Amino acid sequence: MNQGKICISICAATAEELFEKIARAEPFADVIEVRFDCLRPTEVDFALASLPQIRAKYLITHRPSEQGGKRVLLLSERIKFWIKVRNHLSALDYFADHETDVDFPLSFPNDRAIVSTHYFEKVPVGSAVNYEALAQLSGKIAKVAVTCSDITDAIPVWNLLKFKDENPIIPIAMGEAGKWTRILGPAHGAFMTYASLDPGEATAPGQITAADMIDVFRVKELDQETEVFGIIAGDTTYSMSPYIHNPAFKAAGMNRVFVPLQVNDLGDFMKRMVIQDSREVELNFHGFSVTNPHKQAIIPFLDELDESARAIGAVNTVKIDGEKLHGYNTDAPGFICPLQDAFGDLANVRVAVFGSGGAARACIFALKNAGADVTVFARNEQTGNQLAQEFDVKFKKLETRNSSIETDVLINATPLGTIGATENETVATADQLGSVKLVYDLIYNPDETRLIREAKVAGCQTLGGLDMLIGQAIRQFEIWTGETPSREIMETAARKRLSR
């Protein structure tokens, strides 16, 4: 158990809504942040005077728009507000979060004053110097929050933890690429981490719900000995892996955690955060899942490949053993077993594989071993032909969106249909599926993709990506830990998450 606090940040327009949310947050929170800048101006005084007594501490915030607040606030308005705070809340246990431009007319105890600075455009050059300026404020708690578009953008703010023995520090990398700082911060000495009360109600980019912070990531239970695993992806927002592996780690009583690692520049990530001789942070990484678009690009950084990864030419699992990085591919067995269970013998069965990335390579490898007659379909004719030649299968370019697809089994190994920007897209429509007996969509989020809906209209048997996801995850867990996890726990956790 670490000493970091979980602060649930609450934004409400009215005092009534605020108090309802406070009541729901209290069982989970060490601290409850009340964002007074969210309240309608006419509600502020009443809310301040009527805050209920609670077991958790309050964090009072009245942030101007230029620092991420919800409305324009003059400096004079904020100073008047803080005077009211001292008048109304002198008997309560609370923290006060103010910006560096506020010169308090009434001083707050150093152990209650959080001096915060937010950078919303990009990681500033010399952010440590900015922190050092904050550190001169007589030992007050310093909060530095920066926006990150790639995981390595978070390194400067994370490394502010080197000052934690001099002053309490709250380093936050905002955005999806910075989520790891919110999860791992308390274990490495961060004074506090922030969470939202409900999904969709984050008060800053990248906030995770308090329920997930506590139940999924077990933030309060982590320490510097915790073995860290994660998913390396160009976009981790849709990934189910944290919600599968973390419950399995918990059930097995392991001091391990699985975190999202949104990586754009893979080389920079490997150099600055993973490879022992050049890394700038020490996070106790022990392994990774790897997905789009890094399954092939990661190979040059690895010391060894297992037989399937070498044959497929793609890696979805990395194990770190001392200084050595070992690459594996668990996609192939995870993919083929559910298909054989659903369809039966695949010998000489016509199978169309859509896609030319790492997932497609694993599918083709497994299908070839099963004796299937494989045809690759890809948007890029050059890469599709190259892939087909490499595995000695056929390549066919779909000429029009209305062309019938003559095959027994259709596999979608592209990202089309994934929740988000491509959710309403599909590699084929019902009109094209007349001869198809089974459609297997490797997308698992959402649970029912547009392709699956089109297949049902066409009368095809369907298979979703969840079975493959669980199958490959079980093998990953075995590679990392030497133990076999509970399939039931993994699948139940995944279905619970997908049903949200």
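Classify region 253-368 from the C-alpha gyration tensor, please: rounded if a/c falls under 1.5, else prolate or oblate depending on whether a/b exceeds b/c.
Prolate, because a/c is 1.5 or more and a/b exceeds b/c.
For region 213-363, how many pairs of lysine residues have a Cα-Cα distance under 25 Å, where the two are 8 or more positions apart or belong to different chains?
7
Starting from the Cα of residue 84, draw a straight line to each of the aspartates and glutamates and keep only those under 18 Å, dropping any in the same chain fewer than 8 residues away.
33, 37, 43, 45, 93, 97, 99, 103
Give the peptides 43-52, 254-263 in descending order of average Cβ contacts within 10 Å, highest first.
Descending packing order for the listed peptides: 254-263, 43-52.
Loop-only GluC sites (Glu not before Pro) in region 295-330, please: DSSP not H, G, I, E or B, and at most 14 other Cβ atoms within 10 Å.
Passing sites in region 295-330 are 323.
Could you grab the relative contact order for region 340-427? Cα pairs under 8 Å, six or more apart, rounded to a whole percent.
Once normalised by length, the contact order is 33 percent.
Would you work out what percent of the accessible area of the chain, with all protein chains in place, is carbon or sulfur (probe 1.4 Å)?
47
What is the P(r) of region 282-328, as percent of Cα-Cα pairs per 5 Å bin from 0?
P(r) over region 282-328, rounded to whole percents: 5, 24, 35, 22, 11, 2, 1.
Write down the percent of antiparallel bridges among all DSSP beta bridges whose residues are both part of the chain, to the nearest 5.
10
Skip the ligands, DNA and RNA, and give the accessible area per residue of the chain with a 1.4 Å probe, whole Å².
On a per-residue basis, the chain sits at 41 Å².
Would you mind classifying region 329-421 by shape? Square roots of the alpha carbon gyration tensor eigenvalues, ordered a ≥ b ≥ c; an a/c under 1.5 is rounded, otherwise it is prolate if a/b is larger than b/c and oblate if not.
Rounded is the answer for region 329-421, as its axis ratio a/c remains below 1.5.
Kindly rank 177-188, 227-238, 453-464, 277-288 from highest to lowest mean number of other beta carbons found within 10 Å of each residue.
Top of the packing list down: 177-188, 227-238, 453-464, 277-288.
Below 8 Å between Cα atoms, with a sequence gap of 6+, how large is the relative contact order for region 392-498 in percent?
On the way: 155 pairs, mean separation 22.9, N = 107.
Relative contact order for region 392-498 comes out at 21 percent.
Which of 419, 54, 281 sits closest to the plus end of the dipole of the chain, meaning its Cα is farthest towards the positive end, when Lys and Arg get +1 and Asp and Glu get -1 on the C-beta?
Ranked along the dipole, the leading option is 54.
So what's the Cα pair-distance distribution over the chain, bin width 20 Å, in %?
Final binned percentages: 22, 47, 26, 5, 0.
Straight-line reach only, C-alpha to C-alpha below 16 angstrom: list the lysines that residue 21 could link to, leaving out same-chain residues fewer than 8 apart.
Qualifying lysines at Cα under 16 Å: 57.
Taking the highest mean first, how do the peptides 493-499, 414-420 order by number of other beta carbon atoms within 10 angstrom per residue?
Numbers: 493-499: 15.9, 414-420: 20.3.
Going by the mean number of other Cβ atoms within 10 Å, highest first, we get 414-420, 493-499.
With the Cα gyration tensor of region 1-123 giving a ≥ b ≥ c as the square roots of its eigenvalues, does the rule (a/c under 1.5 for rounded; else a/b larger than b/c for prolate; else oblate) give rounded, prolate or oblate?
Cα axes put region 1-123 in the rounded bin.
Would you list, by chain and number, the lysines whose Cα falls below 23 Å from the Cα of residue 437, excluding same-chain residues fewer than 8 positions away?
Here the lysines satisfying the reach criterion relative to residue 437 are 368, 394, 396, 397, 456.
The values are calculated or read from the model by the stated rules, or taken from the named source; none is laboratory data. Note that the structure is predicted; figures quoted are calculated from it, not measured. For neighbour counting, all protein chains shown are included, and Cβ atoms are generated from backbone atoms with ideal geometry for every residue, glycine included. The accessibility values were calculated without ligands, DNA or RNA, using every heavy atom of the protein model including side chains. Shrake-Rupley method; radii C 1.70, N 1.55, O 1.52, S 1.80 Å.
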